[in-house]
Each structure stands twice: as C-alpha cells, then as structure tokens.
Amino acid sequence: MKVLKPVLALLIMAFAGLAFINQQKPTIYLIGDSTTHNNDKETWGWGSIIPYYFDLSKINVENHAMAGRSTRTFIKEGRWNKVDSLLKPGDYVMMVFGHNEGSKPDTTKTGYRGVLKGTGNETVELTWPNGTKETVHTYGWYFHKFIRDTKAKGATPMVLSMIPRNEFRDGKVVRADNDYGKWAQEVAQQEGVIFIDMNRITANKYDKWGADSVKKFFPGDHTHTNKMGATVNAESVVDGIKANPANPLNKYLKN
C-alpha cells in the first residue's frame with residue numbers, strides 16, 4: 001500500500017496535467033446537422049472524420065452537430081447556448097446548415113425546423129398551441145447570430161456550405177449555389193469571415209466521378225453518406241482550408 005500511494009498520486013498528477021493541456025489548446029467546435037454528425041454506423045457525418053486530419057496534440061475538435069437540426073432549432077433547443085458557453089479566445093467554430101431549413105416555418109411538425117429564405121431581416125411571428133410566441137428569422141439571420149456570438153468570445157467563426165445531395169441533372173450534380181450555399185457565402189462576406197465552399201469542392205469531385213460512382217456513397221437516401229462519403233466531404237473541408245493561406249487552421253493540419 002505504501003508503494004501504491006505514490007504511484008496513484010503520480011497518475012492523478014499526470015491526468016490533471018493532461019486535462020490542463022487540453023484546456024489550454026484551442027478547440028474547433030463543429031455545429032450542423034446529420035451530414036456533420038450521424039450515428040457512425042451505416043451513415044456517417046464528415047465531422048467524425050475531420051479530426052484525423054488535424055494534429056490533435058495542438059488542437060481539439062469537438063463535434064456538436066446534431067441530426068435533424070436546422071439553424072433555427074439548433075438555437076431554439078439550447079444547443080448553440082451550450083457551445084457558446086464553452087468558447088474561449090483562440091477557439092474556432094465551423095458552421096454548416098441547409099438540409100433541414102426548407103419547410104415553411106409554422107407550428108406543425110413539418111414546419112418546426114423551417115426558416116425564411118435568404119439573408120434579410122424578414123420575420124414571421126408564430127404562436128404555439130401552449131401560447132408560446134416565437135419569432136422566426138431568415139437562414140442568413142441565424143448565421144449572423146452564430147458568427148457575432150463567436151466573435152464576441154474572441155473565437156474565430158468559419159462558414160461552410162452544405163454538402164451536395166446525390167442528385168444529378170444532365171450529368172451534373174445539383175449544387176446549392178442558388179440558395180443555401182449562396183446565402184451562406186453572402187453572410188460570410190458581409191461579416192468578413194472565412195468561407196469554405198464544401199458544396200462546390202465536393203460537387204466538382206462528384207461531376208468528375210459520375211453518378212454511378214457517387215451513388216456508392218449514399219446507402220439509404222440522397223442526403224446521408226456512408227463513411228467513404230463522409231471522408232470525401234472531410235477532405236473537401238481540408239482542401240478548402242489549404243486553398244486559403246490566410247486560414248489559421250492551416251498550422252494545425254497534419255503534414
């Protein structure tokens with residue numbers, strides 16, 4: 001027992017030291033939907049793959065994305081407040097949404113996730129059956145909030161465009177450059193923050209590979225990828241980081 005006590009004390013000190021080091025390292029927080037964080041069984045989110053591309057001795061990666069969430073519900077359910085409470089100067093937030101925003105915002109089950117289209121200041125006022133009032137904003141408004149809250153904590157926001165679905169027209173994959181991808185880029189430009197066009201980068205790969213090859217990435221529907229597809233999207237994020245020498249995450253990538 002006399003020997004074990006000093007050993008136990010050393011182990012406790014070592015774990016405490018590691019915890020301190022982890023707290024001092026910057027953290028990349030990922031927020032988004034199932035395309036970023038899935039069950040990691042048949043379907044995977046790219047956020048589960050991206051840590052392998054970073055030097056985790058220098059930076060942490062935490063995936064706070066949640067399946068089925070839109071910009072609106074990520075805030076409404078308190079998920080953003082949790083991430084915001086964790087942010088410290090030097091951290092990063094990578095944000096990507098767009099797959100769950102499309103329904104008309106109302107108090108039905110279908111409309112629960114919907115937002116107004118575009119990047120303006122339009123709103124719609126909802127009254128839920130229990131009398132609760134809710135103001136629903138545009139897709140861009142919610143991104144502005146994520147970005148400004150992140151900046152207020154001394155952290156760095158980065159906006160990503162949504163991954164493309166497995167939808168081909170005339171031999172080319174359908175892109176988001178006329179709606180959610182476009183609006184995400186507009187907000188990033190308005191706020192002066194880094195934009196990574198994951199939609200375009202992955203879509204260029206899909207166009208090159210063709211529909212028959214791309215369908216291997218989508219085991220059940222046209223939105224959710226398997227691990228191989230998630231890896232494609234994670235590599236697109238890395239490609240987007242490397243393409244911009246001003247992106248501070250370059251110094252944390254593995255060689």
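The values are calculated or read from the model by the stated rules, or taken from the named source; none is laboratory data. Being a predicted model, the structure only gives us computed values, none of them experimental. Positions of Cβ are backbone-derived with ideal geometry, glycine not excepted, and every protein chain shown enters the neighbour counts. Side chains are part of the model used for accessible areas, which takes the heavy atoms of the whole protein and leaves out ligands, DNA and RNA. Shrake-Rupley method; radii C 1.70, N 1.55, O 1.52, S 1.80 Å.
Specify which of the listed residues (R113, R169, R148) is under 17 Å from F97 (Cβ atoms) and either surrounded by fewer than 18 Cβ atoms within 10 Å (Cβ to Cβ) or more than 20 Å from the chain's Cα centre (by Cα) (or both). Walk me through it before giving the result.
Numbers: R113 fails: either surrounded by fewer than 18 Cβ atoms within 10 Å (Cβ to Cβ) or more than 20 Å from the chain's Cα centre (by Cα) (or both); R169 fails: under 17 Å from F97 (Cβ atoms).
Only one candidate passes the filter, namely R148.
Go through (1) open to solvent by less than 30 Å² (accessible area, probe 1.4 Å); (2) farther than 18 Å from G32 by Cα; (3) out of contact with any Pro (no Cβ under 6 Å at 6 or more places or on another chain) one by one and return the number of the condition A203 breaks.
Unmet for A203, out of (1) open to solvent by less than 30 Å² (accessible area, probe 1.4 Å); (2) farther than 18 Å from G32 by Cα; (3) out of contact with any Pro (no Cβ under 6 Å at 6 or more places or on another chain): (3).
Assess whether I196 counts as being aliphatic (A, V, I, L, M), open to solvent by less than 50 Å² (accessible area, probe 1.4 Å), within 15 Å of the chain's Cα centre (by Cα) and over 23 Å from N100 (Cα atoms).
Answer is no for this residue.
Within the stretch 152-161, is there a residue that is among the hydroxyl-bearing types (S, T, Y), crowded, with 16+ Cβ neighbours inside 10 Å, at pLDDT 95 or above and assigned to a helix (DSSP H, G or I)?
Scanning the stretch 152-161 turns up no residue that is among the hydroxyl-bearing types (S, T, Y), crowded, with 16+ Cβ neighbours inside 10 Å, at pLDDT 95 or above and assigned to a helix (DSSP H, G or I).
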